Structure formats: C-alpha cells, structure tokens
1. I need every pair where a residue in segment 204-217 that is under 15 Å from A246 (Cβ atoms) has its Cβ under 9 Å from the Cβ of a residue that is near the ligand (Cβ under 10 Å from one of its atoms) and of a type in the set (F, W, Y), sequence separation at least 6 or different chains.
2. Yes or no: L183 hydrophobic (A, V, I, L, M, F, W, C), more than 17 Å from the chain's Cα centre (by Cα) and under 23 Å from L93 (Cα atoms)?
3. Which numbered condition trips up A128, out of (1) within 16 Å of the ligand (Cβ to nearest atom); (2) over 30 Å from V316 (Cβ atoms)?
4. Listed residues V173, V169; which is over 28 Å from L57 (Cα atoms) and hydrophobic (A, V, I, L, M, F, W, C)?
5. Looking only at residues that are free of Cβ contacts under 8 Å to residues at least 40 places away in the same chain and of a type in the set (F, W, Y) in segment 129-187, which one is farthest from A203 (Cα to Cα)?
6. Residues that are touching an Asp or Glu at 6+ places or on another chain (Cβ under 6 Å) and either part of a strand (DSSP E or B) or among the basic types (K, R) (or both): does segment 151-161 have at least one?
7. Looking only at segment 170-191, decide whether some residue is hydroxyl-bearing (S, T, Y), out of contact with any strand residue (DSSP E or B) (no Cβ under 9 Å at 6 or more places or on another chain), over 20 Å from C100 (Cβ atoms) and surrounded by fewer than 24 Cβ atoms within 10 Å (Cβ to Cβ).
8. Looking at segment 106-121, which of its residues are buried (at least 19 other Cβ atoms within 10 Å of the Cβ) and not aromatic (F, W, Y)?
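Just so it is clear, none of the values below were taken in a lab; they were calculated from the coordinates. Since we're looking at a predicted model, the values are computed, not measured. So basically every Cβ, Gly included, is an ideal-geometry build from the backbone, and we count neighbours across all protein chains shown.
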Amino acid sequence: MPSYRSLYVEASAAATTVGRSLIDQFADRPVVEINSYHEVFSRPSASFQAQKRAPSLIAAVASPPYLYEAPSRVCARPGARPDELPVMYNDQLRNCVYNCDYCFLQGMHPCGHTLVFVNSEDYHDAAADRAKSGPYWLSVSYLSDILAFEPVLPLVRGWLDFAREHPKVTVEVRTKGEAPPLLRSEPAENFVFTWTLSPRLVAARHERGCASPANRLTAIRAAIERGWRVRLAFDPVILVPGWKDAYGELIEETFTVVPAAAIEAATYGVFRVGLDHANRMIAARPDTPVLHHPFVSAHGMLTYNEHEIEAIHRTVGSSLTSYLGADRVAFVHA
Ligand code: SF4
C-alpha cells in the first residue's frame with residue numbers, strides 16, 4: 001500500500017468525485033490546492049530520489065491526447081506476425097509506487113512524486129474511440145506499475161470494466177507485484193496480466209518495494225488457476241555478477257511453479273534507455289552499479305554491447321525457448 005506524505009490537488013481535480021474521494025483519504029495529511037500540476041511535477045530543481053523517499057501524490061485533470069502510439073518496448077507481445085494488433089499506451093498514472101534502480105522514469109520525469117489524472121472517463125472515451133478504427137492492444141502500465149496503485153484508486157478495475165465492454169481492445173497490465181484482489185473477479189478474454197520476473201539477487205538489491213520473485217510466481221500461479229491470460233517478461237535482463245546462473249535458476253524455478261502450457265507468451269529484453277533520459281538518470285544515481293556499466297550507445301539508446309546481448313540470447317532466450325517454444329518467446333530491444 002503506497003504511503004503518501006501529502007496530496008497536491010489541482011482545483012479542477014478537487015471538484016471531481018474522484019478528487020473529493022482522494023481528499024477524504026488524506027484527511028490526516030496535508031492537502032495543498034494548486035492551479036496546475038506543473039507547479040509541483042515540473043519543477044526543474046526537484047530531486048527525484050529525495051521525493052521517492054517521501055513521496056506526495058499529485059491529482060490533476062489531463063488534457064488530450066489520452067492515448068499514444070507505442071514503441072515496441074511497451075508491450076509484451078512476442079513475434080512480428082502480420083496479424084499483430086497495433087499497440088497503444090496511455091499515461092493516466094506517472095511515476096511508480098516501486099523504485100527500481102534501473103527505472104527509466106527517473107530520467108524521464110523531473111519529479112519523483114506520483115501524478116494521477118483523475119478524469120478516467122476521458123481516457124476510457126479516447127480508448128473506445130480508437131477501437132472504431134479496429135482492434136488494438138492497450139498498455140495501461142507503461143509509465144507506472146498501475147496495479148500497485150490500486151489501493152489508492154481502482155484504475156485497473158476501471159480498465160477491466162472497460163475491457164468487458166470493448167472487446168476490440170486488449171488491455172495489458174504489467175506488474176512486479178503480488179496477487180491483487182482483482183484476480184478474484186471473473187476473467188475477461190481481452191485482459192492480460194504480464195508479470196515481470198527478475199532473479200532474487202536483482203530483485204533484492206535493485207527493485208525496491210516490488211514483490212519478491214517467489215511472491216510474483218505465487219501470483220502468476222493464482223492468476224492462471226483463476227483463468228486469467230498471463231504473460232511473462234524477463235525484461236530488463238540486468239548484467240549483475242553471476243547473472244547467467246541467476247537467470248537460468250529463475251527460469252527453471254518459474255516453470256517448476258508455473259505450468260509452461262498456461263503461459264501465453266514471454267519476452268526478454270536488455271537494459272536500454274533513450275539517450276535523452278540516460279544521462280540524467282545516471283548522473284542522479286551514483287549509488288547503483290547497474291547504471292554504471294560500460295554501456296554503448298546504439299539506435300538512440302544506451303544499452304549493452306553486442307557481445308553481451310548475444311550472451312543474453314544464448315542464455316535467457318535459449319532457456320525460455322526450451323520451455324515455451326520459439327513462437328511464444330520474443331526479444332524486445334527497441
Ligand atoms: S516497477 Fe517498473 S515503473 Fe515501477 S519503478 Fe520498477 S521499473 Fe519503474
């Protein structure tokens with residue numbers, strides 16, 4: 001459960017039902033009314049990590065667009081078949097309850113506080129409008145682990161209800177969390193959970209606040225047993241000392257706990273951050289070795305060199321393929 005120190009709320013958001021419910025939740029903490037979320041979220045002098053250690057919540061009303069075309073890294077769909085759906089994402093929640101050392105958000109956003117846009121209807125209407133042009137895949141968790149925010153606002157519940165009414169839209173929620181209460185709901189055919197998995201030595205040191213790998217596997221198993229569509233993401237693979245053994249053991253443990261036949265697909269990817277964000281996040285994090293690897297610059301990103309990527313294919317890619325077959329495994333590097 002996220003613990004926010006205070007609430008900044010735009011006057012326009014405070015006037016909404018959702019805004020009022022947030023103000024009620026913060027009855028015992030400071031609530032500060034602001035004209036625009038930029039007053040807090042876009043301050044250039046903010047320290048991302050200082051704010052992550054004592055985060056506030058910012059509630060605002062978003063302006064269009066409420067939907068964006070996604071780069072391929074957004075989504076956990078393997079393969080490049082001609083029948084693939086277009087991929088879109090949205091930004092209703094910015095910044096994350098969790099705090100992974102390698103998170104690109106610390107290079108993207110000047111502020112570590114969580115920003116939530118309360119006008120869910122506008123996001124849903126935009127997603128419904130887009131469906132008039134044909135089926136597509138919608139990632140609602142690109143800029144946050146939205147499922148971890150559910151105790152504050154049930155945004156994922158809203159997207160599940162949306163999915164039931166809009167069969168042309170396949171909604172994907174990606175998480176590093178434990179089994180959410182939402183799993184007890186009736187599954188929807190066009191609603192997909194993707195769990196991101198990391199070895200213990202990566203999760204314990206570099207994924208602060210996230211569920212342990214064992215608890216993520218328990219959640220995956222629970223989701224499968226309740227009939228949900230489930231995908232896996234081994235992404236990003238992080239090259240810590242001993243990574244080959246660690247990822248091999250993780251994949252073996254995964255398919256000991258989880259029946260491979262029940263996994264729709266899995267992706268794996270490498271650490272990669274757009275150059276525009278990379279320098280800022282590296283400068284801000286002298287404390288974590290995962291951001292101070294001798295990276296190379298390629299295709300507009302900072303990433304591992306080709307020999308390291310080849311080694312990841314030979315270990316993680318090969319191992320996943322041995323359990324799932326090549327048609328259910330894909331490499332993501334864009
Ligand atoms: S779970 Fe994802 S969005 Fe959240 S901090 Fe970790 S990498 Fe960033």
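1. H206/Y102; E207/Y98; E207/Y102
2. Details: hydrophobic (A, V, I, L, M, F, W, C): yes; more than 17 Å from the chain's Cα centre (by Cα): yes; under 23 Å from L93 (Cα atoms): yes.
In short, yes.
3. (1)
4. Numbers: V173 fails: over 28 Å from L57 (Cα atoms).
Criteria check complete, one pass: V169.
5. So, considering only residues that are free of Cβ contacts under 8 Å to residues at least 40 places away in the same chain and of a type in the set (F, W, Y), the one farthest from A203 (Cα to Cα) is F162.
6. First pass over segment 151-161, keeping only residues touching an Asp or Glu at 6+ places or on another chain (Cβ under 6 Å): 156.
Keeping just the survivors that are either part of a strand (DSSP E or B) or among the basic types (K, R) (or both) gives none.
No, segment 151-161 contains no residue that is touching an Asp or Glu at 6+ places or on another chain (Cβ under 6 Å) and either part of a strand (DSSP E or B) or among the basic types (K, R) (or both).
7. So in segment 170-191, the residues hydroxyl-bearing (S, T, Y) come out as 170, 175, 185.
With the extra rule that they be out of contact with any strand residue (DSSP E or B) (no Cβ under 9 Å at 6 or more places or on another chain), the set shrinks to 185.
Now restrict to residues that are over 20 Å from C100 (Cβ atoms): 185.
Going one step further and asking which of them are surrounded by fewer than 24 Cβ atoms within 10 Å (Cβ to Cβ), we end up with 185.
Scanning segment 170-191 turns up at least one residue that is hydroxyl-bearing (S, T, Y), out of contact with any strand residue (DSSP E or B) (no Cβ under 9 Å at 6 or more places or on another chain), over 20 Å from C100 (Cβ atoms) and surrounded by fewer than 24 Cβ atoms within 10 Å (Cβ to Cβ).
8. Within segment 106-121, the subset buried (at least 19 other Cβ atoms within 10 Å of the Cβ) is 106-107, 109, 111-120.
Correct list: Q106, G107, H109, C111, G112, H113, T114, L115, V116, V118, N119, S120.
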